[in-house]
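Coordinate-derived values only; no laboratory data. Here the structure is a predicted model, which is why all the values come from computation and not from measurement. Cβ atoms come from the backbone with ideal geometry, glycine included; neighbour counts cover every protein chain shown.
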Amino acid sequence: PLELLRNNHKNHVHFLANVFELNDFELLKKTIPWVYRSYHSHGVPYDYFRFSLQAWQNAIKEHLTEKSANEICPIYAWMLAHHNDWIELAEDRTDMDETPEVVEAVWAEKRSQYLDALLRGKSALAMESATSIVKDDDTLRSLYLSVLQPSLYEVGSRWEKNEISVAHEHLATSITGRVMAHLQHEFVLREPTKGRAIVTSAPDEYHAIGAWMVADFLALDGWDVAFVGANTPAAELISFMLDDPPDLLLISVTMPTNLDRAKDLCEQIRKESKFENLRIAIGGRAIGGSKELCEKIGAHTTAVNAQSIVEEARQWWSKR
């Protein structure tokens, strides 16, 4: 699949630039097995990575200065030296079916029903399955964390294994968005009692369901929330924020290739005097609750899920 490999080369440059800029080699170590696994599942032999990494190392030596090449090439040598280890980790699929949330047994059957509806592309069945659960704020939160989110993670895992297509994955996301829009009208919208919050995905980040969930959790907690959505250019977002400066900004990052864009956004925000007291939170799968990565990007706080982010925001609001 040549187009897949072309995209891999583009992503490789951007991802490694993120690793070097953020000086975060845990991120590199965590991501390599996923890359090996997902590309291999889509028809790429493991040996491709060995030849590809060697080609990158040769290109770096040829096109960069000797000083830069001497700083970067040891990382490629390290990746090459551990090629067999990456294969072993890629083949170890014990972590693939785990989700960030521990789904209680009482929710397992409901999650199974909802996931089945997503995989079959049955919008009405998914809507019925989800709405039958929700009676109040607590059951809405449980639906999001114990049914919707882990179901989407499972859909992503099945794409990674090449068991479903991108079209199936996009349909599952679309169905879940419709379910959330319905529940928002029924349960989420209310008069705010706290400050103004803006929730967005990082520039060039097209995953927005996680950020949407956070926006709904904040609204349930009394915040006046503006959910901006995915892939909003930094300049446009800042212009929007200047019109009505928020108290809280939450940035969601799913793909590691977008970490530098989140960092650039935070740096641009810091330059505006109107945002002197703005609290910035960052979350998403690329962050994984890492306090160290949060600090490198320039945000104030992070957390592992939507409820934890809301609790952090609530504590900050009460002490401001």
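Assuming charge only on the beta carbon of Lys and Arg (+1) and of Asp and Glu (-1), the dipole of segment 121-189 about its Cα centre is about 140 debye to the nearest 20.
Quick check: the angle from helix 234-243's long axis to the longest principal axis of the chain, C-alpha only, nearest 10 degrees? For 234-243 against the chain, the angle is about 30 degrees. In a reduced charge model with +1 at each Lys and Arg Cβ and -1 at each Asp and Glu Cβ, segment 167-241 shows a dipole moment near 140 debye about its Cα centre.
Sparsely packed loop sites in segment 133-240 (the trypsin sites (Lys or Arg not before Pro) outside DSSP H, G, I, E and B with at most 16 other Cβ atoms within 10 Å) comprise Lys135, Lys161, Arg190. Pairs exceeding a 18 Å alpha-carbon distance, out of Lys263/Lys291; Lys194/Lys319; Lys263/Lys296; Lys271/Lys291; Lys194/Lys271: Lys271/Lys291; Lys194/Lys271.
Relative to the longest principal axis of the chain, what angle (0 to 90°, nearest 10) does the C-alpha long axis of helix 47-63 take? That helix lies at roughly 70 degrees to the long axis. Calculated on the Cα set of segment 213-310, radius of gyration then Dmax: 12.6, 33 Å. State the number of lysine pairs found in segment 1-154 whose Cα atoms come within less than 21 Å, restricting to pairs 8 or more positions apart or on distinct chains. The result is 5. Scaling the Cα radius of gyration of segment 45-178 by the globular reference 2.2 N^0.38 Å produces a ratio of 1.52. For the chain, the Cβ-based charge dipole about the Cα centre amounts to some 260 debye (Lys, Arg positive; Asp, Glu negative; other atoms uncharged). Rounded to the nearest 500, the helix-only mean residue ellipticity at 222 nm of the chain stands at -19500 deg cm²/dmol, with each DSSP H run of n ≥ 4 adding -39,500 (n - 2.57).
Distance from the Cα centroid of segment 1-36 to that of segment 254-296 is 20 Å (rounded to whole angstrom). Out of segment 116-217, which GluC sites (Glu not before Pro) are coil in DSSP terms and have no more than 13 other C-beta atoms within 10 Å? Filter output for segment 116-217: Glu163.
Dividing the convex hull volume of the alpha-carbon atoms in the chain by its residue count gives 142 Å³ per residue. Once both axes come from the Cα atoms, what is the angle between helix 149-160 and the longest principal axis of the chain, in degrees from 0 to 90, rounded to 10? Result, in degrees: 30. What percent do you get for the relative contact order of segment 134-275 when only Cα pairs under 8 Å and 6+ apart count? RCO, segment 134-275: 23 percent.
Computed as a quarter of the hull surface, the mean projected area of the alpha carbon convex hull for segment 145-202 stands at 5.6 nm².
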